[in-house]
Amino acid sequence: MNAIKVHPGHPFAGGPHVMGVVNVTPDSFSDGGKFLHIDKAIEHGFRLAQEGAVILDVGGESTRPGAQAVDVEEEIRRVIPVLHALRGAAPWLSIDSRNSKTIAAALDAGANVINDISALRHDIHSMAIAAEAQVPVILMHMQGSPENMQKNPRYTNVVEDISAFFLERIRICEANRIDEKRLILDPGIGFGKTLEHNLAILRNIREFHRFGLPLLLGASRKRFIAELSAGENAGDRLAGSLAAILHGAAQGVQIFRVHDVKETKQALAVFRALTKAESTV
């Protein structure tokens, strides 16, 4: 299923890997407020790990379209107890943050992956922290910021424009002593993109493997699914999410960031069995 070549020795060279979402927020688009209480978030994280998530992605700031920035101290208050409790629950514990102070506190609490929706651009100190930590770093593409990213996003060619962005960020990371073999690329479905932009990215996601790095796809429960169907609420978009995930798997995507771990693992297992190069029967 995954015939794409990535740098030898990259911790996510294989796959597919499932990343489970642990939102400790009152206003995330998919489950806003459901896991805001620390105990509920911890319980949810353990459940995702038991269902097969190899990465738990813990975030304390909603980045849905139109979301307002959260005070950094409040973000830290939300995520640090959860990270402490989930340490060791899964092989990888990711901090979903664009703030250097939060990232540093999360690394001290046991996080070993940095997932920054700004690709280390939002906070000038994040690059140095990532370089010192030498942990995997997810670089996501976003046009604008969560507050304004869906206000008339425009591209000359969305796939080529994102590719140019990735090339620039990879070079800057290398210049700042971040090993390229620790980078992961996320084209940012729904972050400063129209429906047509999202579909173009999904249809051509294999193109981003030109950099020899693992790709992350975060299509779970995204609005584009509702735009293509009956306008379902976020919690009713499982079927569309799985369709996008399986398409990504066919394109060689290594990591899938999802809300529904058990269902995703099952779908990928069946897909993998059906797409083996040779039958043993």
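All of the numbers you see were taken from the coordinates with simple rules; none came from a lab. For clarity, every value in this text was computed on a predicted model and none was experimentally measured. Note: ideal-geometry Cβ built from the backbone for every residue, glycine included; neighbour counts use all protein chains shown.
Considering only VAL113, VAL159, VAL253, the mean-square fluctuation computed in a Gaussian network model of the chain, springs between alpha carbons under 10 angstrom, is largest for VAL159.
In plain terms, the chain from ARG210 to LYS276 could stretch by 21.4 nm, reckoned as 0.36 nm per residue minus the Cα-Cα distance. If R0 equals 30 Å, the separation of the Cβ atoms of ILE38 and ALA269 corresponds to a calculated FRET efficiency of about 0.40. Taking amide H as placed 1.01 Å from N in the peptide plane, ARG257 has its amide H under 5 Å from the amide H of MET19, LEU217, GLY218, ALA219, each at least 5 places away in sequence or on another chain. Our Cα-only numbers for segment 180-265 put the radius of gyration and Dmax at 12.7, 41 Å. Restricting to lysines 8 or more places apart or on different chains, can you count the pairs in the chain with Cα atoms under 19 Å from each other? Value for the chain: 11. Taking max minus min of the alpha-carbon positions on each principal axis, segment 50-165 gives extents of 44, 33, 27 Å, largest first.
Here the 3J(HN,Hα) profile of segment 109-125, calculated from phi with Karplus coefficients 6.51, -1.76 and 1.60 at θ = phi - 60°, is 8, x, 5, 10, 9, 10, 10, 10, 5, 9, 6, 6, 9, 5, 10, 5, 8 Hz, Gly and Pro shown as x. Expressed in Å, the radius of gyration and Dmax of the Cα atoms of the chain are 17.5, 58.
Divided by 2.2 N^0.38 Å, where N counts the residues, the Cα radius of gyration of segment 84-134 comes to 1.07.
When only DSSP loop residues count, what trypsin sites (Lys or Arg not before Pro) in segment 87-187 have their Cβ near at most 14 other Cβ atoms within 10 Å?
Details: sites: ARG87, ARG98, LYS101, ARG121, LYS151, ARG154, ARG169, ARG171, ARG177, LYS181, ARG182; in loops: ARG87, ARG98, ARG121, LYS151, ARG154, ARG177.
When the trypsin sites (Lys or Arg not before Pro) of segment 87-187 are filtered for loop state and at most 14 Cβ neighbours within 10 Å, ARG87, LYS151, ARG154, ARG177 remain.
About its Cα centre, what dipole magnitude does the chain give when the only charges are +1 on Lys and Arg Cβ and -1 on Asp and Glu Cβ, stated in debye to the nearest 20?
Details: 31 positive and 32 negative charges, 123 e Å.
That gives a dipole near 600 debye.
Computed over the chain, the per-residue total of -39500 (n - 2.57) for DSSP H runs of n ≥ 4 gives a 222 nm mean residue ellipticity of -11500 deg cm²/dmol, rounded to 500.
For the chain, the residue among VAL21, GLY52, ILE124 whose Cα projects farthest onto the positive side of the dipole built from Cβ charges is GLY52.
Within segment 216-281, the GluC sites (Glu not before Pro) that combine a DSSP coil assignment with at most 15 other C-beta atoms in a 10 angstrom radius are GLU232, GLU278. Applying a DSSP loop filter and a limit of 11 other Cβ atoms within 10 Å to the trypsin sites (Lys or Arg not before Pro) in segment 194-281 leaves LYS276.
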